[in-house]
Amino acid sequence: MKMPAVRYQSGDMVMGRWPGSNLYYEVKVLDFDAKSGLYTVIYKDGTELELKEPDIKNASGFQTRSRSRSRSPGRRRSLSRSPARTTRRSSSRTAAAAAASGGATPVTDDVTSSRRDTRLKDALEIRLSPLKCEAAVEAGPDKIQGRYNLRRRKDDGDAKPQRPEEKDAKTAAAAPPTTPLDFGGKIGAFFWLLFLPAWVLFLVLQVNLEDPSLTNFPPPLPPLDAFWDPRALGFVVLWILFQVLLYLLPVGKLSEGVPLRSGQRLKYRTNGFWAVAASALAVAAAVHRGVDLTYIYSHFLQLATASLLVAVLLSVYLYGRSRYAAGEQLALGGSSGNVAYDFFKGRELNPRIKEFDLKFFCEMRPGLIGWCLINFALALAEMKLQRLDAPSYAMILVNLFQLLYVVDGLWNEEAILTTMDLMHDGFGFMLAFGDLVWVPFTYTLQAYYLVGHPNQLSLPAVAAIVTLKLVGFYIFRKSNSEKNAFRRNPSDPKLSHLQTIPTATGKSLLVSGWWGTVRHPNYLGDLLMALAWSLPCGFSHLLPWYYMIYFIVLLVHRDARDMSECRRKYGSAWDEYCRTVRYRIIPGLY
């Protein structure tokens, strides 16, 4: 299907029609949704609307016509005396429109009509079923077609609006399209650039101690040459190139991503399950030929340093190429103009080398499959150091649980195309470091801990932990499947039983199934699985529980990001959703 052409680009200064009137005000284009055909625009005071193309005009031509009308007082008087015009006017709309335009009052009739005001409010805040919502809006006197989503970006509703003349239009148009800064803003980004690598190295050094108790903080710093091994760098590069080869082979399905602001839908080679199977065969063949994979355990620090170097070099490349990317190719959240913040958050949304998608590949391949490889090597190291004929129950559980998590993710690889990372976040240091360093060298902490600190488990304990894992996995998979199916085709007859709350953007919020129990049931399943990963390590030390603690912080932060973005995007419909689904992650608690 041919996607509609995009007439206005992000950052363009245009004239937008105010809902229910013929009044136009200067606005800035933020985004374009190819599926609904709506432009997201922002007024001077931070108010956002979603408008169709007929309700937007070029600023230059519109200003010329406006001046010609303003010189005709007779025409203005004739309009004010027209009964037909009067029935379509409302002083409340004029005031609201003036506030949204920054305080500039347009030329209009001062006729009070509380009945019209009530109908406009109902049209903007309607919360009925999808069919009823469309019918009610279309039946309104001003023919509002459900295309407006009135909302305030800022919560400072009492702040004095800024007049249009107080801000130069050229400056506003030149500003890069972006969203409010997160992760602590510019100072926070600089902090995370330094802290995250240091934290990974600290964890590796700490868990390698004979007594990894946090009372022994900080761990002794080894000589600098202990951080570096050229063979480790070669091993990391070889592993990444092997995964690139598997990704590029014409095996598996070509899946379409979500529509971009340009209207384009990128295609992705989703053959991750085939890649993990091929990787397993390659590793088995290497072990059969006598390759000693316990090298991974004995050179864990050097491998982490090498992966960090690769992530930094990749991030520099990504930032450099983003300077030449077109505006519609940039992520809204990574174009602040601050080098440290944009380098950390990522500027380009979907950086590609021809058809090779760098972000999608790094998200799903080298670090994720490498996580399983490292776990397997650590199980071999446990057998070697503890002189065991087979891995311990605890090591087997950690390996199997995390292998199931990775294989499930790669089997359902297409689902990642509708996640926040792929849809909204640019590809920069945050994701590159997370994919290549954070995942393989911190998510393996439980297995690394068990190599030197074995924990004996009874069969009843094993059964209880397995049950917890299966419950968490069921909730995680079921809720993610519901979400992915609903996002891809909400009109699917198989989903007709699901209850939704409509929004003014044309999309609906799911309030049925697991998504009617808590707002993030997939997070709930994730937390239960994280608990099952940590329990095999026992309670002697806090360090193997790091993943559980980190994951709680991560999910609470991501929930806050989701709340902020959805409230900005869906307005009053999101407030209704929060009243319907009260709990965020844990039913009855949070």
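When Leu468 is tested against (1) at pLDDT 90 or above; (2) crowded, with 20+ Cβ neighbours inside 10 Å, only condition (2) is not met. Among the criteria (1) outside the structural domain of Ser307 (by TED's automatic domain parsing); (2) within 22 Å of the chain's Cα centre (by Cα), the one Val439 does not fulfil is (1). Of all residues in the stretch 381-394, those satisfying the criterion of being assigned to a helix (DSSP H, G or I) and touching a Pro at 6+ places or on another chain (Cβ under 8 Å) are Glu382, Met383, Gln386, Tyr393, Ala394. Restricting attention to the stretch 408-422, the residues being more than 16 Å from Ala532 (Cβ to Cβ) and over 19 Å from the mean Cα position of the chain (by Cα) number 1.
The set of residues in the stretch 564-586 being within 12 Å of Leu509 (Cβ to Cβ) and small (Gly, Ala, Ser) consists of Gly571, Ser572, Ala573. Picking from residues in the stretch 524-549 that are free of Cβ contacts under 8 Å to residues at least 60 places away in the same chain and in contact with a Ser or Thr (Cβ under 7 Å, 6 or more places away or on another chain), the one that is farthest from Ile585 (Cα to Cα) is Trp545. Considering Leu293, Leu332, Leu313, Leu308, the condition of being out of contact with any Cys (no Cβ under 9 Å at 6 or more places or on another chain) and within 19 Å of His424 (Cβ to Cβ) is satisfied by Leu332 alone.
If we scan the stretch 245-263, do we find a residue that is modelled with pLDDT of 95 or more, surrounded by fewer than 18 Cβ atoms within 10 Å (Cβ to Cβ) and of a type outside the set (D, E, K, R)? Checked against the condition, which is being modelled with pLDDT of 95 or more, surrounded by fewer than 18 Cβ atoms within 10 Å (Cβ to Cβ) and of a type outside the set (D, E, K, R), the stretch 245-263 yields at least one hit.
The rows are residues; the columns are (1) of a type outside the set (Ser, Thr, Tyr); (2) touching a residue at least 12 places away in the same chain (Cβ under 8 Å); (3) in a helix (DSSP H, G or I).
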residue	(1), (2), (3)
Lys494	yes, no, yes
Thr505	no, yes, no
Asn522	yes, yes, yes
Phe551	yes, yes, yes
Leu554	yes, no, yes
Asp575	yes, no, yes
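If the condition is being over 15 Å from Asn271 (Cβ atoms), in a loop (DSSP other than H, G, I, E, B) and touching a residue at least 12 places away in the same chain (Cβ under 8 Å), then the stretch 405-427 contributes His424, Asp425, Gly426, Phe427. Within the stretch 395-433, restricting attention to residues that are among the small types (Gly, Ala, Ser) and modelled with pLDDT under 95, the residue that is surrounded by the fewest Cβ atoms within 10 Å (Cβ to Cβ) is Gly409. When the stretch 428-480 is filtered for residues that are within 30 Å of Leu309 (Cα to Cα), hydroxyl-bearing (Ser, Thr, Tyr) and in a helix (DSSP H, G or I), the ones remaining, listed by number, are Thr442, Tyr448, Tyr449. Restricting attention to the stretch 535-549 and to residues that are of a type outside the set (Ser, Thr, Tyr) and not in a helix (DSSP H, G or I), the residue that is farthest from Val518 (Cα to Cα) turns out to be His541. Taking the condition crowded, with 17+ Cβ neighbours inside 10 Å and either in contact with a strand residue (DSSP E or B) (Cβ under 8 Å, 6 or more places away or on another chain) or not acidic (Asp, Glu) (or both), does Thr444 pass? Considered against the rule, which asks whether it is crowded, with 17+ Cβ neighbours inside 10 Å and either in contact with a strand residue (DSSP E or B) (Cβ under 8 Å, 6 or more places away or on another chain) or not acidic (Asp, Glu) (or both), Thr444 comes out as yes. Any residue at all in the stretch 326-334 that's closer than 21 Å to Val236 by Cα and in the same structural domain as Gly184 (by TED's automatic domain parsing)? No, every residue in the stretch 326-334 fails to be closer than 21 Å to Val236 by Cα and in the same structural domain as Gly184 (by TED's automatic domain parsing).
The values are calculated or read from the model by the stated rules, or taken from the named source; none is laboratory data. Remember, it's a predicted structure, so these values are computed and weren't measured experimentally. So basically every Cβ, Gly included, is an ideal-geometry build from the backbone, and we count neighbours across all protein chains shown.
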